[in-house]
1. Quick one: residue 88 ticks every box in (1) more than 10 Å from the ligand (Cβ to nearest atom); (2) surrounded by fewer than 24 Cβ atoms within 10 Å (Cβ to Cβ); (3) more than 13 Å from the chain's Cα centre (by Cα) bar one, so which box is it?
2. Only one of 162, 153, 184 is under 15 Å from the mean Cα position of the chain (by Cα) and over 26 Å from residue 101 (Cα atoms); which?
3. Exactly one of (1) surrounded by fewer than 16 Cβ atoms within 10 Å (Cβ to Cβ); (2) touching a strand residue (DSSP E or B) at 6+ places or on another chain (Cβ under 9 Å); (3) under 25 Å from residue 203 (Cα atoms); (4) not assigned by TED's automatic domain parsing to the domain that holds residue 152 is unmet by residue 46. Its number?
4. Part of a strand (DSSP E or B), more than 13 Å from the ligand (Cβ to nearest atom) and touching a helix residue (DSSP H, G or I) at 6+ places or on another chain (Cβ under 6 Å), is that true of residue 176?
5. Could you tell me which residue of the stretch 116-147 is farthest from residue 244 (Cα to Cα), considering only residues that are away from the ligand (no atom under 14 Å from the Cβ) and touching a helix residue (DSSP H, G or I) at 6+ places or on another chain (Cβ under 8 Å)?
6. Residues in the stretch 148-173 that are within 12 Å of the ligand (Cβ to nearest atom), crowded, with 20+ Cβ neighbours inside 10 Å and part of a loop (DSSP other than H, G, I, E, B): how many?
7. Just the residues that are surrounded by fewer than 18 Cβ atoms within 10 Å (Cβ to Cβ) and within 19 Å of residue 220 (Cβ to Cβ), please, taken from the stretch 174-210.
8. Looking at the stretch 178-220, which of its residues are closer than 13 Å to residue 260 by Cα and without any contact (Cβ under 8 Å) to a residue 40 or more places away in the chain?
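The values are calculated or read from the model by the stated rules, or taken from the named source; none is laboratory data. From a predicted model like this one, the values you see are computed outputs, not experimental measurements. Because the Cβ atoms are built from the backbone with ideal geometry, glycine has one as well, and the counts that use them run over all protein chains shown.
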Ligand SMILES: Cc1cc2nc3c(=O)[nH]c(=O)nc-3n(C[C@H](O)[C@H](O)[C@H](O)COP(=O)(O)OP(=O)(O)OC[C@H]3O[C@@H](n4cnc5c(N)ncnc54)[C@H](O)[C@@H]3O)c2cc1C
């Protein structure tokens, strides 16, 4: 690991100013992606700007229509929130299935979505629920946020401050976890919004989170497993690696979506 300057600002503005002033700095939240990549020599920031001392950077607010989770909120805080469990049980359950206990205590929602790991869980909840990503500059619809593998719509120095999830009528998250890391080999988040429209968002299977329009159309007409009939996900463009082939991942999308519809509440 290379040497770096360490900063612990108390405000979002101070963090943004520090990053701007640095030669090649990086924000750090839970450090659970950044630190391993630094240890492997894949990242060598000149400055680490630790966001965890920013006042008001974590916390959860639940209303009748939305669950707003501030960026520095850990997965464990979401997984142990009775208010999240009541409003969006699928989101609560999903947070509790991220990594192991240690990862859940350190990893944050802001770090997870800024990282845009194709196998991470939060991107599927963001896109599946039609969330809005709030930054220190603007609001970005989840559909426009995840632009590619480890790529997002964030501009240089932009800081995620919160994520707002609309409360759906019903939802469910189903994942086939890699037994070693718990990252999704395939993960599917299905949600039916207050108006009956259904979203099906998939992670782990392709280079970035994506939706399955054919399944969404069928489920928006009739939210039942039978509505999916013989609809299958296409293997073209999906990942093949040492864990699974594209065809296997496509098969899992079908299986997990059907399970999600059955389990949705
Ligand atoms: C062993 C292991 C298992 C894991 N298993 C899973 C799993 O099953 N499912 C899953 O979804 N994830 C999993 N993770 C990922 C983990 O849950 C974290 O969410 C992830 O590491 C990033 O969050 P972090 O807070 O640690 O971010 P950091 O590592 O601190 O930062 C990651 C990136 O995001 C940037 N960043 C951080 N916060 C902000 C912000 N507010 N605004 C803008 N940029 C920001 C940083 O600059 C950095 O580039 C696993 C990680 C490990 C190490």
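1. It is condition (2) that residue 88 fails.
2. Answer to the selection: 153.
3. (3)
4. When the stated conditions are applied, residue 176 does not pass them.
5. 132
6. Here the count works out to 1.
7. 193, 194, 195, 196, 197, listed by residue number.
8. 198, 216
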